[in-house]
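As structure tokens, the structure follows; a few thoughts come after it.
The values are calculated or read from the model by the stated rules, or taken from the named source; none is laboratory data. All of these numbers come straight from a predicted model, not from anything done at the bench. Here the Cβ positions follow ideal geometry from the backbone for every residue, glycine too, while neighbour counts run over all protein chains shown. With ligands, DNA and RNA removed, areas are computed over all heavy atoms of the protein, side chains included. Shrake-Rupley method; radii C 1.70, N 1.55, O 1.52, S 1.80 Å.
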Amino acid sequence: MREVSGVSAKILEEAVAGLAAVEAGEANLDDFLDFRLQYPELRRSISNLLFLCFRRKRFLEGWIGRLAARPPRPAVRRLLTAVLAQITFQTGIAPESAVNIAVGLVKHSGKLQEAKFVNAVLRRALEQPQPVPEAPELVLPPVLFKRWRKRYSEAELAQLAAALLAQPEFTFRAERGFEPGELAAEAVPAFGEFRFFRACSAARLLESAALRDGRIYIQDPATSLAPSLPDFNGVKSVLDLCAAPGGKSLMLGERLAGEGRLVAADRSERRQRQTAENFRRRGLDYQVTVADPAELTGEFDVVLVDVPCSNTGVYRRRPDVLWRFRPEELEKITALQRRILGEAARLTAPGGQLVYSTCSIEPEENPLQVEAFLKEHPGFERLCERQLLPSAEMDGAYACLLRRRASSI
Ligand SMILES: C[S@@+](CC[C@H](N)C(=O)[O-])C[C@H]1O[C@@H](n2cnc3c(N)ncnc32)[C@H](O)[C@@H]1O
């Protein structure tokens, strides 16, 4: 008994620390779970609770507002958020126990008045469970709802909200020629020749030899959009300019099928270690380079530039991105994208193809960025582009295929 409540208290404490770290901008959710857990052995439970807190943040914080006579201080709000998530959405812990553990934690920290407040708020919550809303305006962060309402239909907004609330499928890509057999429950739609599957069991997949030797790679099917766009006929050299950790480089390598040269470049040394490891597992000896795009030289038949972005398309798997979105930071990120895309243009051979991609659904980072690029680079033309919105099947993504005219300087 002692043991169970001890574990539950640790999970709650860690979840509250995670909410604080993300709110303070000290870490994103993935980094918190990967590098900052005090009890990494409890990662799965902590992660489940944190994902719920971010998926249901609007509802949970609105409920706290109605339950508490005065707004709680931020640390208490975070604790209440996590406990309300447990008592509303989790079945593994009895609601009464969740409340007792939370009150115990506050008492333990010596704040007796605050413990009384937390106890009163949570007891009220137990007495009056609330209907859980699904309407986009009550699910999405207000800043993004306001932006998205201007350009998406009601059906699209409902799709965007539903994508935040649902747990996405565990999907993976299988290398050409590899049959995943019992690892796969079914094939799922993807782009080009790439083959994606829904995993039968995440645990079995994570322990599989196929994952260890790189014949499968855990990925969302939306990632196949950008590498599927260029025509690989006669292509001899490929550059992936923002390659780490190598998800799209592996797909470019698969399309090259050993017929040419691939350079996977990225400015992050830490992330490039992962790219190199992914190539090693697969037995590929493509070049892995640590460099800022401005430092690279040469000309390539195909350049893929998967730029840093606001990530607003991938919130199914990283729900915290929606709450970290700041419109005022868009300008900074689009300026960086413009610079990197300009370098990519310089590295594209005459007649070569350039793929620009993001995992964002903001037009400033996508078609508007490309239009500005085309004005500044008349030697390029747009061949096609596609915007995917997050859905039940896949993440959001944008990709545009450009061509440098053969005669351009
Ligand atoms: C979206 S991620 C790339 C994901 C990768 N293409 C994949 O499929 O696995 C963007 C990458 O751009 C890199 N990058 C390159 N130049 C950068 C710069 N000046 N500032 C920030 N990130 C930069 C980052 O290190 C990061 O790895």
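Structural remarks
- Quick note on the chain: its Rg to Rh ratio, both from C-alpha atoms and Rh being the Kirkwood radius, is 1.01.
- Using the Cβ-Cβ distance between Q128 and K332 with R0 = 35 Å, the FRET efficiency computed as 1/(1 + (r/R0)^6) comes to roughly 0.20.
- In order along the range 216-231, the phi-based Karplus estimate (6.51 cos²θ - 1.76 cosθ + 1.60, θ = phi - 60°) of 3J(HN,Hα) comes to 10, 9, 6, 7, 8, x, 4, 5, 7, 4, 4, x, 7, 6, x, 8 Hz; Gly and Pro are listed as x.
- The range 218-311: trypsin sites (Lys or Arg not before Pro) in DSSP loop, at most 15 other beta carbons within 10 Å: K236
- Mean projected area of the Cα convex hull of the range 66-126, taken over all directions, amounts to 3.8 nm².
- Hz values of 3J(HN,Hα) by residue in the range 36-45 - Karplus curve (6.51, -1.76, 1.60), Gly and Pro given as x: 10, 6, 7, 10, x, 5, 9, 3, 4, 5
- Two-decimal ratio, the range 77-211, of alpha-carbon radius of gyration to 2.2 N^0.38 Å: 1.53
- Inter-label distance, nm, simple model (7 Å from Cα along the C-beta direction), K116/E182: 6.0
- Residues whose amide H comes within less than 5 Å of that of S237, counting only those at least five positions distant or on another chain, are R261, D301, V302 (H built at 1.01 Å from N in the peptide plane).
- Rounded to the nearest 10 degrees, the angle from helix 269-282 to the longest Cα principal axis of the chain is 70 degrees.
- The calculated FRET efficiency for F35 paired with S97, based on their beta-carbon distance and R0 = 30 Å, is about 0.50.
- Contour minus Cα-Cα distance for K107 and S407 (0.36 nm per residue): 100.6 nm
- Rounded to the nearest 5, the antiparallel percentage of DSSP beta bridges internal to the chain is 60%.
- Distance cut-off 18 Å, percentage of C-alpha pairs in the range 234-304 lying past it: 28
- Percent accessible area from carbon and sulfur atoms, the chain, protein chains only, probe 1.4 Å: 51
- Distant alpha-carbon pairs in the range 2-127 (separation over 19 angstrom), percent: 43
- If you sort M251, M394 by accessible surface, 1.4 Å probe, largest first, the order is M394, M251.
- Summed over the residues of the chain and divided among them, the accessible surface reaches 47 Å² per residue at a probe radius of 1.4 Å.
- Simple label model, 7 Å out from Cα along Cβ direction - E193 to L165, nm: 4.1
- When shorter helices are ignored and each DSSP H run of at least 4 residues is given -39500 (n - 2.57), the per-residue value for the chain at 222 nm works out to -14500 deg cm²/dmol.
- Local electrostatic count, L160, Cβ distance below 14 Å [Lys/Arg +1, Asp/Glu -1]: +1
- Based on alpha carbons, the Rg and Dmax found for the range 222-404 are 15.5, 45 Å.
- If you take the Cα centroid of the range 353-404 and the Cα centroid of the range 296-352, the two points sit 10 Å apart.
- Converting phi to 3J(HN,Hα) with the Karplus coefficients 6.51, -1.76 and 1.60 and the offset θ = phi - 60°, the range 117-131 yields 4, 4, 4, 5, 4, 6, 5, 4, 5, 5, 6, 10, x, 10, x Hz in sequence order, with x at every glycine or proline.
- Highest mobility in the GNM of the chain, judged by mean-square fluctuation with C-alpha springs under 10 Å and restricted to A174, A190, A209, is found for A209.
- Count of lysine pairs in the chain with Cα separation under 30 Å (8 or more residues apart, or interchain): 20
- Check: the chain dipole with +1 on Lys, Arg Cβ and -1 on Asp, Glu Cβ, in debye: 1140
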